[in-house]
1. Grab the other residues whose beta carbon is less than 15 angstrom from that of residue 402, score K and R as +1, D and E as -1, and report the net.
2. With a Förster radius of 41 Å, plug the Cβ-Cβ distance of residue 341 and residue 439 into 1/(1 + (r/R0)^6) and report the FRET value to the nearest 0.05.
3. Give me the base-10 log of I(q)/I(0) for the range 340-484 at each q in 0.14, 0.18 Å⁻¹, Debye formula, one uniform scatterer per Cα, rounded to two decimals.
4. Given a Förster radius of 22 Å and the C-beta distance between residue 63 and residue 32 as r, what FRET efficiency does 1/(1 + (r/R0)^6) yield to the nearest 0.05?
5. For residue 467, what charge total do you get from the other residues with a beta carbon under 9 Å from its beta carbon, if Lys and Arg give +1 and Asp and Glu give -1?
6. By per-residue mean of other Cβ atoms within 10 Å, what is the highest-first order of 495-502, 134-141?
7. Of the trypsin sites (Lys or Arg not before Pro) in the range 435-529, which ones lie in a loop per DSSP and count no more than 16 other C-beta atoms within 10 Å?
8. With +1 on the Cβ of every Lys and Arg and -1 on the Cβ of every Asp and Glu, and nothing else charged, how large is the dipole of the range 494-587 about its Cα centre, in debye rounded to the nearest 20?
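The values are calculated or read from the model by the stated rules, or taken from the named source; none is laboratory data. Computed from a predicted model, the values in this text were never measured in an experiment. Using ideal geometry, Cβ is built from the backbone for each residue, glycine included, and neighbour counts are taken over all protein chains shown. Calculation scope for accessible area: heavy atoms of the full protein, side chains included, ligands and nucleic acids excluded. Shrake-Rupley method; radii C 1.70, N 1.55, O 1.52, S 1.80 Å.
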Amino acid sequence: MDTAAAALPAFVAFLLLSPWPLLGSAQGQFSAGGCTFDDGPGTCDFHQDLYDDFEWVHVSAQEPHYLPPDMPQGSYMIVDSSDHDPGEKARLQLPTMKENDTHCIDFSYLLYSQKGLNPGTLNILVRVNKGPLANPIWNVTGFTGRDWLRAELAVSTFWPNEYQVIFEAEVSGGRSGYIAIDDIQVLSYPCDKSPHFLRLGDVEVNAGQNATFQCIATGRDALHNKLWLQRRNGEDIPVAQTKNINHRRFAASFRLQEVTKADQDLYRCVTQSELGSGVSNFAQLIVREPPRPIAPPQLLGVGPTYLLIQLNANSIIGDGPIILKEVEYRMTSGSWTETHAVNAPTYKLWHLDPDTEYEIRVLLTRPGEGGTGLPGPPLITRTKCAEPMRTPKTLKIAEIQARRIAVDWESLGYNITRCHTFNVTICYHYFRGHNESKADCLDMDPKAPQHVVNHLPPYTNVSLKMILTNPEGRKESEETIIQTDEDVPGPVPVNSLQGTSFENKIFLNWKEPLDPNGIITQYEVSYSSIRSFDPAVPVAGPPQTVSNLWNSTHHVFMHLHPGTTYQFFIRASTVKGFGPATAINVTTNISAPTLPDYEGIDASLNETATTITVLLRPAQAKGAPISAYQIVVEELHSHRTKREAGAMECYQVPLTYQNAMSGGAPYYFAAELPPGNLPEPAPFTVGDNRTYQGFWNPPLAPRKGYNIYFQAMSSVEKETKTQCVRIATKAAATEEPEVIPDPAKQTDRVVKIAGISAGILVFILLLLVVILIVKKRRSYYSYSYYLKLAKKRKDALGNTRQEMTHMVNAMDRSYADQSTLHAEDPLSITFMDQHNFSPRLPNDPLVPTAVLVLLQEEKMFIMGTTIHFLPYPICRVGDRTGKCTSI
């Protein structure tokens, strides 16, 4: 006999487990679908499932294998649980079979572990007509021993249905042992130990009723038999009742309570006992929906005591056939209902009360218990009535609030309305400011003694009247005028809020709310600072509140911090309280920085002919941080009135020295200093010949007088404030200075000195020109001739050239020695460095360029006693600005 071992988890049992060892070969002839696995599963048309986790393994008796020696010998299919993870499954599929009537499938199985542990579970599944896999119909789990055991499956399947048996091995958590199957037989006769079910028929019921399946099987019912009804999706329904029909058959009943369309599916019977297990064919539960009309009855005619209707029962929801039609009607205000059977498409309801509303529905019935469907949509109509007797009396006002009015009216009986059903309507209208008006009508519940008119404007005259109507006429009451109560006002219009800013105050004005909702009694304004340009200003603090009378729509808020944003919340009040607040943010203007008082204090520390050193002290910011410090130099003129420092206007337009000289301005900015460069008092030298933030600080002219001003500037966004003070005055010098102080005159004096030398050279130059004209064809490289000619004049020019060199060096030393505040500032450079001054460069603008003469024909020039040859003609004589005139 073939042997095998494997392991899988447990499922619901649906097959017979016969715990007898197989000692010999199987009895009987194998039919199609069976397999001994001697040549593997492929020869038997068995297939591994393509969608499982791993595969069954074939063990052949003719080939060596790795199994323990205590495992059975032979050929079989096996699963080693130790090679796979818990929960993983392997499925082996048998061929699809179409066996008609009752037949039997039996097989051998083994679940073994050397340590007696649980190797897993062996499940048997049956797929019908290639449908989905349901729950297992049989399973075994745990250690079963070393010997083969036999199980039977009694399958009741009838043509043309087909089914497929699937062996599934599921690995347990222990992952130890083997699960094996062998000798699968498909027998054409019934099983010996398992009961076989007769054909299970379909069941049809109406929705909402109980459905009963009755399963009949061959064999007697035993005490320990287990019976259940299995749905195709795996749901199990327990047995409701069992009984023995005779010694060969028993019946089992299964009941499904109040079924719906969702319960419509395929069901089959399953039985299991110690003697056997069987499964029936699938039968269908058919759930029919009782019919219901889609449309309500149609009204054809109406009178005081009758209603003529058409049933409209041709279009239905649900299932037919229709075996009965009924008309159900009742008063909408009553509790009784009458039903009349109808055998015609139209029907006339007699003996109805006049002026009464009725609800009419149609009922339809199909065969079977519970075949009467729900009533169709209702036709609600009423019989005719007469015109009302009189108008309602004056309305009674029950309650007045700001936005609602409650009204009472007299009881309206049948003797007034002449109808059992009528409409009572309240119409109202009102006028408000801003050309606003509204008119509307509201239907009221006639049974309610009171009605509420909502959504009215506060403090407004509202006109009310009542209208009584029925299908035959209407009556109106007289109008009643009522004023609604006051309410809290609406918000102040946000577009009316305007704030005018000053440095330490804000002027705020506003307009009355668009919806005052009463009489405004006061305005309340709360405000607090939320941010400031000045970090020294505290912005965290409790808000302050001011109150204004009803006729005051503006306020001036004093003692505020400059450069600070304040948030204002303004709200109006009536006797009912304050309304919602409207917010606005207003920022005060920044103030000019506060400079230290220089009055009576001499800020001058040191003074030379071309410089003055002053003590600069940092300013105090007000509303915004200090952006920059500025040093302004004003030239004193005798015809100008001396300005007082305390009442002066600061210099707002920054002018460099060059722009001031070219434009004839009386002042220029000598320096602009970042605020970080002046954290504490520090000296500064005016005229130190350096550049600060793009402003040149030139040496002062000794024979001129100057006022020195110190300015502090604060700037945020688009607002700039400047404060200035005169810190020193430098008088004009009376004696000739040792060093030429006026840079505007300095170059002119150098030119004059160079002019004297140029006069000496005029004759020499003219002579050289004549010689060059005579010998213009001479090579450009005849340089030595002219050099010798120039050396003849060397002694005559030596003194002049030496004098010029000493003068230029003296000027360079004079400018380089003047430096005080920010000597290490990379932005401060000397005038000589800025203008590339060097007495050794031929094109230096400070060198007397009168000695530069072009000999055009020979393309050469003489500088001092040196003759230079060029490949192109240049200029004749340069000026002190570095420009020249071409020949």
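1. -1
2. It comes to 0.20.
3. These q points yield log10 I(q)/I(0) values of -0.77, -1.01.
4. For R0 = 22 Å, the calculated efficiency reads 0.25.
5. The answer is +2.
6. Peptide ranking by packing, descending: 134-141, 495-502.
7. 447, 505, 511
8. 80 debye
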